[in-house]
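Taking it in order: structure first as structure tokens, then the write-up.
Bear in mind that the values in this text are calculations on the coordinates, not laboratory data. These figures come from a predicted structure and were not determined experimentally. We place every Cβ from the backbone using ideal geometry, glycine too, and count neighbours over all the protein chains shown.
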Amino acid sequence: MRENLKEKELVYSGHLACAGCGAVIAMRFFLNTLGKDTVMVIPACCWSIIAGPYPKSSLKIPVIHTAFETGGAMATGVRAGLDMKNDTKTTVVVWAGDGGTFDIGFQALSGAVERDENFIYVCYDNEAYMNTGVQRSSSTPYGAWTTTTPGEDWKKLRKKNIMGVLAAHRISYAATASIAYPEDLIYKIKKAKSIKGARFLHIFASCPTGWKMASELSVKIARMAVQTNIFPLYEIENGTKYSINFKPKNYNVKEYFMLQGRFKHLKQEHFEKIQEMVDDDWRLLCKKAS
Amino acid sequence: MKRVLEGSHAAAEAVRLARVKVISAFPITPQTHIVEKLSEFCSNGSMDAKFIKVESEHSALAAVIGSQSTGVRSFTATSSQGLALMHELLHWTSGARLPVVMVEVNRALAPGWNIWTDQTDSLSQRDTGWIQLYCETGQEVLDTTLMAYKLAEAVFLPVMVVLDAFFLSHTYEPVDVPEQESADKFLPDFEPAFSLDIRNAYTLNQLATPDVYMEMRYDMHLAMEDAKNRMADIENEFSKIFGRKYLPVEPFRCDDAETVFVTSGTITSTCRQLVNDLRKKGERVGLLKIKMFRPFPVKEVCNCLKNIKQVAVIDRNFSFGAGGIFAQEVRAALYGFINPAPCVMGFVCGLGGRDVTIETLTTIYKKAKNREAGQMESVWIDLKK
């Protein structure tokens, strides 16, 4: 698949993201694929800042910023208003971080998906509250340091399986995607656009600042997350039909962890435990997809 | 056409007449009859509107902010706990300069669970940038809700139309329901000053640095001040079409009065009766009903109370550590403007829906007339031992 996304650039340079920010890479692929007939709802997240201060904007589309926990509800209202104006051309999108999706925004998301509201909800997942300075979220993975899981209190709980939760809602379409696999990401954006009803994209978006790694590793780390099965690429249709888009060949999780400062305290025994957890999740996913 | 309607249904009729396009609400007693009636209107085609049945009040207001941001007239209704849950988004609505209208039914806040009337829920939202209008009758609820859209859309601030639980929300009264044609004449289609539209890309509600935030807030302040004048014009226009008028404050038999009650909501009706009874006995007593609480009608309150000796403010609400909320506002309004100021006494009664009867108000009148209450304290009436 060949795509010239640059011609359709809807993200200005001069945005306020950190160097190597995966959330900006995700936004560029997303918006340049979806196109300009898009209204975006942004609940509190890194992108509340990245989009720029009044009176500037780094996005060339209409944007409404909103309170942290309201993505699903705000988009519902925006869609309803546009529908009442007979505007069916516009695609409504929620662009939220993991905190605004997994945690504080979960109720509004669940409500919107239960009502099968007609919009695309994108969670760009950087696995912690990065905008407020790296505090743990329910998306923070087992083993990670954050400012609220410091020292020996590194997170010893699993990352919430948000895809599973949404599948249980029988959502029309849900897919994981990664900034390191653009073709797969673009395919999923197009597919999401072609479907009516509630749709969810879970995009793995590395955060060099919060993950304590060099900015040039952003895409490499995102690729390794897929290759190690830590973040598998798959789709779920109508909550039941699972398809795995990429099947890696037995990478060891350890390599992925060694490159990130947030995991530097982990010891061999922890890697073994994490490997078990990853393998277990993968087996379960393969079973669902079979 | 005159119909016998509940206060709740009067509110719903006004929303229908305003041709609201998007409604979003979450059920809470005693607001339910409003949203049930509106669901019926949307379902049977009486209204061309979308009713979003959300999973919380927080989401109800979020959805309404979303729809109003696309430039369509939007509505929500709530009460008590629901309003408290909306608190964050109350600020959001006014800060986003959205002319949303909400009907809020005054109900006590828990714990303990109490579904009966009490004004502390709405009054504790007084600093959220919403215009607040308190109603006494079903007719006033209908008329105020229609006028609320006109006012909100004139100043780009949201309006809360407030009514007492049960005493008004569930009480049937004759209500003149205007014809759609007259309602349309009074309230034409909404023309948004800005909206989310792919043909003209705006960013709304974005990051505002110290360099710009203060001016944004000052603009809201100016809009709130402007609401007083706009409301006067709107009431005149409304009165020309429908022959009814309410005003921000309504003085009743105050002209030669020595003692004046200050009331809001349905207690006003009981108080009117008492004032008439006392006047027959030669007592020099009057009543000042406050309809507009935000913006607070300082000038009108001062004008009415300037020659009064004793003022008895009735508060069906309480701010712990400060006192009855209307009493505080009245004192603040008079301070520095009227010299010597009347003796303002605050009386707290009827919390959690306890009946405020003629007897209750008579007790208050005696205490106020004889100045048996201090000016710095709140006197709690009908407390049980």
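Before anything else, pin down the relative contact order of chain B: Cα pairs under 8 Å, at least 6 apart, normalised by residue count, whole percent.
On the way: 791 pairs, mean separation 60.8, N = 385.
Value for chain B: 16 percent.
Could you work out the relative contact order of region B:249-380? I mean the mean sequence separation of Cα pairs under 8 Å and 6+ apart, divided by the number of residues, in percent.
Values: 231 pairs, mean separation 34.1, N = 132.
Relative CO of region B:249-380 lands at 26 percent.
Using only the C-alpha atoms of the protein assembly as shown, find the volume of their convex hull and express it per residue in Å³.
Working: hull volume 117.3 nm³, N = 675.
Cα-based convex hull of the protein assembly as shown, divided per residue, equals 174 Å³.
Remind me, relative contact order of region B:1-150 in percent, using alpha carbon pairs under 8 angstrom and six or more residues apart? Walk me through the intermediate numbers first.
Numbers: 251 pairs, mean separation 40.7, N = 150.
After rounding, I find 27 percent.
What lysines could a cross-link reach from A:K264, if we take a straight Cα to Cα line under 17 Å and drop same-chain neighbours fewer than 8 places away?
A:K155, A:K156, A:K212, A:K254, A:K273
Compare B:S74, B:S39, B:S239 in a GNM of chain B, Cα atoms joined below 10 Å, and give the one with the largest fluctuation.
It is B:S239.
With +1 assigned to the C-beta of every Lys and Arg and -1 to the C-beta of every Asp and Glu, and no other charges, what is the dipole magnitude of the protein assembly as shown about the Cα centre in debye, to the nearest 20? Could the numbers behind the result be given before it?
On the way: 80 positive and 75 negative charges, 220 e Å.
The calculated dipole for the protein assembly as shown is roughly 1060 debye.
So who's got an amide H within less than 5 Å of the one on B:V262, skipping anything under 5 residues away but keeping other chains? H placed 1.01 Å off N, in plane.
Hits under the 5 Å cutoff: B:L288, B:A312, B:V313, B:I314.
For region B:64-222, give the magnitude of the charge dipole about the Cα centre (Cβ charges: +1 Lys/Arg, -1 Asp/Glu; no others), in debye to the nearest 20. Spell out each step's value before the answer.
Values: 8 positive and 21 negative charges, 94 e Å.
Dipole about the Cα centre, nearest 20: 460 debye.
Could you order the peptides A:182-188, B:82-88, B:257-263 from most to least packed, using the average number of other C-beta atoms within 10 Å per residue? Write out the running numbers ahead of the final one.
Details: A:182-188: 19.1, B:82-88: 20.7, B:257-263: 25.3.
Packing order, densest peptide first, comes out as B:257-263, B:82-88, A:182-188.
Where nothing but the Cβ of Lys and Arg (+1) and of Asp and Glu (-1) is charged, how large is the charge dipole of chain B around its Cα centre, in debye to the nearest 20? Could you put the intermediate results ahead of the total?
Details: 42 positive and 47 negative charges, 203 e Å.
The dipole of chain B has a size of about 980 debye.
Applying 1/(1 + (r/R0)^6) with R0 = 35 Å to the Cβ-Cβ distance of B:T363 and B:A332, what FRET efficiency is obtained, to the nearest 0.05? Write out the running numbers ahead of the final one.
Values: r = 26 Å, r/R0 = 0.74.
It comes to 0.85.
So how far apart, in nm, are the two label points at B:K309 and A:Y54 if each is 7 Å from Cα heading toward Cβ?
For B:K309 paired with A:Y54, the spin-label model returns 5.2 nm.
Set Lys and Arg Cβ to +1 and Asp and Glu Cβ to -1, take the dipole of the protein assembly as shown about its Cα centre, and tell me which of A:G210, B:V344, A:I195 lies farthest positive.
The Cα lying farthest towards the positive end belongs to A:G210.
Give me a single rounded figure for A:30-38: the average over its residues of other chain Cβ atoms within 10 Å of their Cβ.
Working: counts 0, 0, 0, 0, 0, 1, 2, 2, 2.
The shielding value for this peptide is 1.
Would you calculate the separation in nanometres between label points at B:E40 and B:V4, each defined as 7 Å from the Cα along the Cα-to-beta-carbon direction?
1.5 nm
Ordered by packing density, taken as the mean number of other Cβ atoms within 10 Å over each peptide's residues, highest first, how do B:96-105, B:193-202 rank?
Working: B:96-105: 26.4, B:193-202: 15.2.
In decreasing order of mean packing, B:96-105, B:193-202 become B:96-105, B:193-202.
If you count, for every residue in A:40-47, the Cβ atoms of partner chains within 10 Å of its Cβ, what is the mean? The partial results should precede the final answer.
Numbers: counts 2, 5, 3, 1, 0, 0, 0, 0.
Going residue by residue through A:40-47 and averaging, the value is 1.
Going toward the positive end of the dipole of chain A, with +1 on Lys and Arg Cβ and -1 on Asp and Glu Cβ, which of A:S178, A:I120, A:L34 do you reach last?
A:L34
What is the ratio of the Cα radius of gyration of region B:168-241 to 2.2 N^0.38 Å, where N is its residue count, to two decimals? Provide the component values of the computation, followed by the final result.
Details: Rg = 18.9 Å, N = 74, 2.2 N^0.38 = 11.3 Å.
In units of the globular-protein estimate, region B:168-241 measures up at 1.68.
Over the Cα atoms of region B:2-242, each weighted equally, I'd like the Debye log10 I(q)/I(0) at q = 0.08, 0.13, 0.17 Å⁻¹, rounded to two decimals.
Scattering profile of region B:2-242, log10 relative to I(0): -0.27, -0.74, -1.30.
Quick test of the membrane-span-like rule: which DSSP H helices of chain A reach at least 15 Å along their long axis (C-alpha atoms) with mean Kyte hydropathy at least 1.0?
Working: long enough: A:22-34 (18 Å, 1.41); A:71-84 (20 Å, 0.49); A:182-194 (18 Å, -0.90); A:268-289 (31 Å, -1.05).
Length and hydropathy pass: A:22-34.
From the phi angles alone, apply the Karplus equation (6.51, -1.76, 1.60; θ = phi - 60°) to region B:368-385 and give each ³J(HN,Hα) in whole Hz, x where the residue is Gly or Pro.
For region B:368-385, the Karplus curve yields 6, 4, 8, 6, 8, 10, x, 7, 9, 10, 9, 9, 8, 9, 6, 6, 8, 6 Hz.
Taking a spot 7 Å from the Cα of B:L247 along the direction of its beta carbon, which residues of region B:299-334 have an amide N less than 15 Å from it?
B:299-307
Hey, if you put +1 on the Cβ of every Lys and Arg and -1 on every Asp and Glu Cβ in the protein assembly as shown, which of A:T91, B:G374, A:N238 ends up farthest toward the positive end of that dipole?
A:N238
Would you calculate the separation in nanometres between label points at B:N236 and B:N339, each defined as 7 Å from the Cα along the Cα-to-beta-carbon direction?
3.4 nm
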